[in-house]
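Chemist: A single structure is presented below for examination.
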Amino acid sequence: MGENIEKLKEHLRRISKFESAVSLLHWDLETYMPKNASNKRAEIIGEIAGYAFKEFTSEKTHELLQKAESEAQTIEDKALIRVTKKEYEKSKKIPPELFIEFQIETSKAQKAWENAKNEDNYKLFEPHLEKIVTLSREIADHLGYEENRYDALLDNYEPGIKTKELLNIIPKLRNSLINLLEKIENADKPKKDILNGKFEISKQKILSEYILKKLNYDFKSGRLDLSEHPFTITISHNDVRITTKYDENDIKKGLFGTIHECGHALYELGIPENLRGLPIGDGASMGIHESQSRFWENIIGRSLSFWKYFYPKLTEIFPHFSNIPLKEFWRGINTVEKSLIRVEADEVTYNLHIMLRFEIEESLINDKIKVSDLPDVWNKKMEEYIGIKPNSYKDGVLQDIHWAHGTFGYFPSYMLGNLYAAQIFNTIQKDLPNIESKIENGEFIDILNWLREKIHSKGKIYEPQDLIYQVTGERLNPNYFVDYLNSKYAKVYNL
Ligand code: CO
């Protein structure tokens with residue numbers, strides 16, 4: 001028995017309890033907190049989170065890690081040592097002054113970004129972004145990398161994958177997507193106004209809860225609330241909450257937003273209790289996390305089989321749809337459109353939006369383009385990849401908050417999530433040959449159990465590429481995504 005391993009686990013689990021408290025305070029802040037409490041709340045969260053961080057980066061963690069290392073025998077314990085050590089060392093590599101400066105600059109930048117977006121004036125944000133890019137480069141240099149400075153930042157979200165790999169897969173993937181987009185442009189389009197209408201919020205809520213229950217989201221281990229931006233948050237084992245946002249004029253937003261978050265929540269709920277509270281009791285990466293949400297939202301939730309089951313319920317709640325044939329509704333929720341805004345993008349164009357952002361980030365971090373040239377670079381790439389150009393900054397370079405947050409390296413997770421999801425789906429179809437009829441009958445438990453066994457139960461024990469290899473028999477392969485889209489959209493658009 002590893003006595004020191006047990007001590008290390010106890011130490012880490014204790015720290016995670018403070019993090020649980022922070023999560024709950026944060027959830028409350030985003031949902032029910034009285035507005036006037038925001039300043040105090042930020043202070044309280046800062047204090048507790050700061051304490052947890054100090055405990056984690058303390059000499060005690062270092063000592064326990066050193067003593068426990070030789071005791072690690074099982075795959076889990078070895079992973080625990082590897083992941084904890086990596087996080088510990090990372091936190092030590094960045095000088096505290098730099099860390100604090102980064103926190104201050106990014107919180108200033110968020111306000112500046114909001115302002116710049118409202119005023120549609122890039123110049124208001126430019127000096128802040130300049131600063132954040134400079135600091136991010138410094139942070140990357142402290143973290144260290146072998147080939148590409150961007151690797152250091154990418155590793156924060158998708159451990160193990162390299163910039164080179166992304167740069168390699170993108171050109172072919174981009175061409176495939178642009179080809180498909182062109183075919184769709186020339187095809188006969190679904191009726192655009194088919195989904196128009198007024199959708200009472202209280203009824204949308206009933207629909208969302210109904211679908212969540214059918215997808216096996218357990219309301220005894222979670223809840224559904226409203227927030228400005230939908231999110232999933234884990235408070236502790238058996239407490240994983242989701243939020244959504246309804247739009248009276250657009251049923252798609254609340255509906256697919258809810259299913260998306262449900263995918264994240266099912267992942268979190270599937271992480272075993274014995275891993276919880278440890279650095280390996282988490283999703284494997286942001287990309288794998290996003291693969292789970294996109295899987296349920298798009299591959300399952302926007303499939304014809306799914307709606308064969310749910311359409312009667314939908315028309316019962318919104319009789320409006322009783323005049324619309326199921327097939328037309330399904331085409332309506334899968335409409336492909338060249339659009340300026342990433343968060344509104346469909347399955348075909350979404351990754352093009354991400355590639356553009358990734359290429360810009362990579363160039364910025366490596367000093368290949370200037371922050372002042374960003375709007376021009378953005379517009380040029382939009383025209384090249386999607387074929388349209390924004391007329392304003394807010395529909396272009398200022399649309400996302402990510403750079404104000406300083407989360408360089410995050411965007412690729414969205415693309416990877418889509419690619420992983422299709423690759424995983426390909427394997428599920430082989431393992432569960434009757435998957436389609438199960439979906440048509442509203443039976444999702446086999447699919448969930450498959451994901452739980454192969455992915456959720458593994459937590460963060462494996463790096464994403466190793467996990468994907470174990471699950472699908474190969475490393476990341478974007479062809480599955482391209483095949484999935486080509487076959488789906490051939491049907492949606494009668495190509
Ligand atoms: Co997500």
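The values are calculated or read from the model by the stated rules, or taken from the named source; none is laboratory data. Predicted, not measured: the structure shown is a model, and the values here were computed from it. Cβ coordinates were reconstructed from backbone atoms using ideal geometry, including for glycine residues, and neighbour counts include every protein chain displayed. Accessible surface areas use protein heavy atoms only, side chains included; no ligands, DNA or RNA. Shrake-Rupley method; radii C 1.70, N 1.55, O 1.52, S 1.80 Å.
Chemist: For E89, work out the one condition from (1) at pLDDT 95 or above; (2) within 27 Å of the chain's Cα centre (by Cα); (3) open to solvent by less than 30 Å² (accessible area, probe 1.4 Å) it doesn't fulfil.
Modeler: With respect to (1) at pLDDT 95 or above; (2) within 27 Å of the chain's Cα centre (by Cα); (3) open to solvent by less than 30 Å² (accessible area, probe 1.4 Å), E89 is out only on (3).
Chemist: While we're on this one: From the set of residues in the range 404-416 that are of a type in the set (F, W, Y) and within 13 Å of the ligand (Cβ to nearest atom), which is least open to solvent (accessible area, probe 1.4 Å)?
Modeler: Step one: of the range 404-416, the residues of a type in the set (F, W, Y) are 408, 410-411, 414.
Add one more test, that the residue is within 13 Å of the ligand (Cβ to nearest atom), and what stays is 410-411, 414.
Numbers: Y410: 46, F411: 1, Y414: 31 Å².
Among those residues, the one meeting the criterion is F411.
Chemist: Scan the range 262-293 residue by residue and report those that are among the charged types (D, E, K, R) and under 25 Å from F18 (Cβ atoms). Steps first, please.
Modeler: Pass one, the range 262-293, residues among the charged types (D, E, K, R): 268, 273, 276, 282, 290.
E268, E273, R276, D282 - these are the residues of the range 262-293 that are among the charged types (D, E, K, R) and under 25 Å from F18 (Cβ atoms).
Chemist: Before we move on, is E97 farther than 25 Å from V240 by Cα and surrounded by 14 or more Cβ atoms within 10 Å (Cβ to Cβ)? Spell out the reasoning first.
Modeler: Working: farther than 25 Å from V240 by Cα: yes; surrounded by 14 or more Cβ atoms within 10 Å (Cβ to Cβ): no.
In short, no.
Chemist: Kindly indicate whether any position in the range 337-344 is open to solvent by less than 20 Å² (accessible area, probe 1.4 Å) and under 21 Å from I401 (Cα atoms).
Modeler: Filtering the range 337-344 for residues open to solvent by less than 20 Å² (accessible area, probe 1.4 Å) gives 342.
If we keep only those that are under 21 Å from I401 (Cα atoms) as well, we get 342.
Yes - at least one qualifying residue is present in the range 337-344.
Chemist: List the pairs whose first member sits in the range 284-300 and is under 26 Å from T84 (Cα atoms), whose second member is polar (S, T, N, Q) and assigned to a helix (DSSP H, G or I), and whose Cβ atoms are under 6 Å apart, counting only residues at least 6 apart or on separate chains?
Modeler: Hits for this filter: M286/S413; G287/S413; E290/S413.
Chemist: Which of the residues belonging to the range 239-278 are among the aromatic types (F, W, Y), within 16 Å of the ligand (Cβ to nearest atom) and more than 23 Å from L80 (Cβ to Cβ)?
Modeler: Here is the first cut: in the range 239-278, the residues among the aromatic types (F, W, Y) are 246, 256, 267.
With within 16 Å of the ligand (Cβ to nearest atom) added as a condition, the list becomes 256, 267.
Residue satisfying the conditions is F256 alone.
Chemist: Pairs, please: C-beta under 7 Å, at least 6 apart or cross-chain, first residue free of Cβ contacts under 8 Å to residues at least 60 places away in the same chain and in the range 245-264, second within 14 Å of the ligand (Cβ to nearest atom) and among the aliphatic types (A, V, I, L, M)?
Modeler: E261/I242; C262/I242
Chemist: Could you check how many residues of the range 432-471 are part of a helix (DSSP H, G or I) and under 19 Å from L166 (Cβ atoms)? Please lay out each step first, then the result.
Modeler: Taking the range 432-471 first, the residues part of a helix (DSSP H, G or I) are 435-440, 445-454, 456-458, 464-471.
When the remaining residues are screened for being under 19 Å from L166 (Cβ atoms), the result is 464-469.
So the count comes out to 6.
Chemist: Which of the residues belonging to the range 175-188 are surrounded by 13 or more Cβ atoms within 10 Å (Cβ to Cβ) and not in a helix (DSSP H, G or I)? Talk me through it step by step, then tell me what you get.
Modeler: Just the residues of the range 175-188 that are surrounded by 13 or more Cβ atoms within 10 Å (Cβ to Cβ), to begin with: 176-178, 180-181, 183-185, 187.
Across the range 175-188, the qualifying residue is only A187.
Chemist: Scan the range 165-192 for residues that are within 15 Å of N479 (Cα to Cα) and in contact (Cβ under 8 Å) with a residue 24 or more places away in the chain and jot them down. Before you say what the answer is, go through the steps one by one.
Modeler: Within the range 165-192, the subset within 15 Å of N479 (Cα to Cα) is 165-166, 168-180.
Hits for the range 165-192 are E165, L166, I169, I170, K172, L173, R174, S176, L177, I178, L180.
Chemist: Still on this structure: Within the range 193-200, can one find any residue that is under 25 Å from P279 (Cβ atoms) and either touching a residue at least 12 places away in the same chain (Cβ under 8 Å) or open to solvent by 10 Å² or more (accessible area, probe 1.4 Å) (or both)? If you could, list the steps in order and put the result at the bottom.
Modeler: We begin by selecting, within the range 193-200, every residue under 25 Å from P279 (Cβ atoms); these are none.
Within the range 193-200, none of the residues are under 25 Å from P279 (Cβ atoms) and either touching a residue at least 12 places away in the same chain (Cβ under 8 Å) or open to solvent by 10 Å² or more (accessible area, probe 1.4 Å) (or both).
Chemist: Of everything in the range 345-359, what is in a helix (DSSP H, G or I), charged (D, E, K, R) and open to solvent by 10 Å² or more (accessible area, probe 1.4 Å)? Give them in sequence order. Step through it out loud before you land on a result.
Modeler: Step one: filter the range 345-359 for residues in a helix (DSSP H, G or I), giving 350-359.
Next, only the ones that are charged (D, E, K, R) stay: 357, 359.
If the condition is that a residue be in a helix (DSSP H, G or I), charged (D, E, K, R) and open to solvent by 10 Å² or more (accessible area, probe 1.4 Å), then E359 is the only one that fits.
Chemist: Going through the range 143-164 one residue at a time, which ones are loosely packed, with under 15 Cβ neighbours inside 10 Å and part of a helix (DSSP H, G or I)? Steps first, answer last, please.
Modeler: First, the residues of the range 143-164 that are loosely packed, with under 15 Cβ neighbours inside 10 Å: 144, 146-147, 164.
Result: K164, single match.
Chemist: Mind listing just one residue for me: the one in the range 417-431 that is open to solvent by less than 30 Å² (accessible area, probe 1.4 Å) and either farther than 16 Å from G301 by Cα or not in a helix (DSSP H, G or I) (or both) and, of those, farthest from the ligand (Cβ to nearest atom)?
Modeler: This residue is T427.
Chemist: Continuing with this model, one more query. Looking at the structure I just gave you, is N434 open to solvent by 10 Å² or more (accessible area, probe 1.4 Å), out of contact with any strand residue (DSSP E or B) (no Cβ under 9 Å at 6 or more places or on another chain) and touching a residue at least 24 places away in the same chain (Cβ under 8 Å)?
Modeler: Values: open to solvent by 10 Å² or more (accessible area, probe 1.4 Å): yes; out of contact with any strand residue (DSSP E or B) (no Cβ under 9 Å at 6 or more places or on another chain): yes; touching a residue at least 24 places away in the same chain (Cβ under 8 Å): no.
Taking the combined requirement at face value, the residue does not satisfy it.
Chemist: Same structure again: Residues of the range 64-86 being open to solvent by 90 Å² or more (accessible area, probe 1.4 Å) and assigned to a helix (DSSP H, G or I), which ones? Step through it out loud before you land on a result.
Modeler: Narrowing the range 64-86 to residues open to solvent by 90 Å² or more (accessible area, probe 1.4 Å): 66-67, 70, 73, 75, 78, 82.
Across the range 64-86, the qualifying residues are Q66, K67, I75, K78, R82.
Chemist: In the set G301, G281, which member is in contact with a Gly (Cβ under 7 Å, 6 or more places away or on another chain), open to solvent by less than 20 Å² (accessible area, probe 1.4 Å) and more than 11 Å from the ligand (Cβ to nearest atom)? So that I can check it myself, show each step before the final result.
Modeler: Working: G301 fails: in contact with a Gly (Cβ under 7 Å, 6 or more places away or on another chain).
Testing whether each residue is in contact with a Gly (Cβ under 7 Å, 6 or more places away or on another chain), open to solvent by less than 20 Å² (accessible area, probe 1.4 Å) and more than 11 Å from the ligand (Cβ to nearest atom) leaves just G281.
Chemist: Taking the range 115-142 as the region of interest, how many residues are part of a helix (DSSP H, G or I) and either not hydrophobic (A, V, I, L, M, F, W, C) or not assigned by TED's automatic domain parsing to the domain that holds F99 (or both)? Quick ask: steps written out before the conclusion?
Modeler: Start the filter on the range 115-142 by keeping residues that are part of a helix (DSSP H, G or I), which leaves 115-119, 122-124, 126-142.
Then drop every residue that is not either not hydrophobic (A, V, I, L, M, F, W, C) or not assigned by TED's automatic domain parsing to the domain that holds F99 (or both), which leaves 115, 117-119, 122-123, 126-128, 130-131, 134, 136-138, 141-142.
Of the residues in the range 115-142, 17 are part of a helix (DSSP H, G or I) and either not hydrophobic (A, V, I, L, M, F, W, C) or not assigned by TED's automatic domain parsing to the domain that holds F99 (or both).
Chemist: In addition: Please go through the range 131-163 and give me each residue that is without any contact (Cβ under 8 Å) to a residue 60 or more places away in the chain and closer than 17 Å to K370 by Cβ, ordered by number.
Modeler: Answer for the range 131-163, where residues must be without any contact (Cβ under 8 Å) to a residue 60 or more places away in the chain and closer than 17 Å to K370 by Cβ: K131, T134.
Chemist: Mind listing whichever residues of the range 373-391 are over 16 Å from S339 (Cβ atoms) and open to solvent by 40 Å² or more (accessible area, probe 1.4 Å)?
Modeler: Here is the first cut: in the range 373-391, the ones over 16 Å from S339 (Cβ atoms) are 373-377, 380.
Result: D373, D376, K380.
Chemist: Return the residue satisfying two criteria in turn: it lies in the range 217-233 and is open to solvent by less than 40 Å² (accessible area, probe 1.4 Å), farther than 15 Å from W296 by Cβ and not hydrophobic (A, V, I, L, M, F, W, C), and of such residues it is farthest from the ligand (Cβ to nearest atom).
Modeler: Residue satisfying both the conditions and the ranking: S221.
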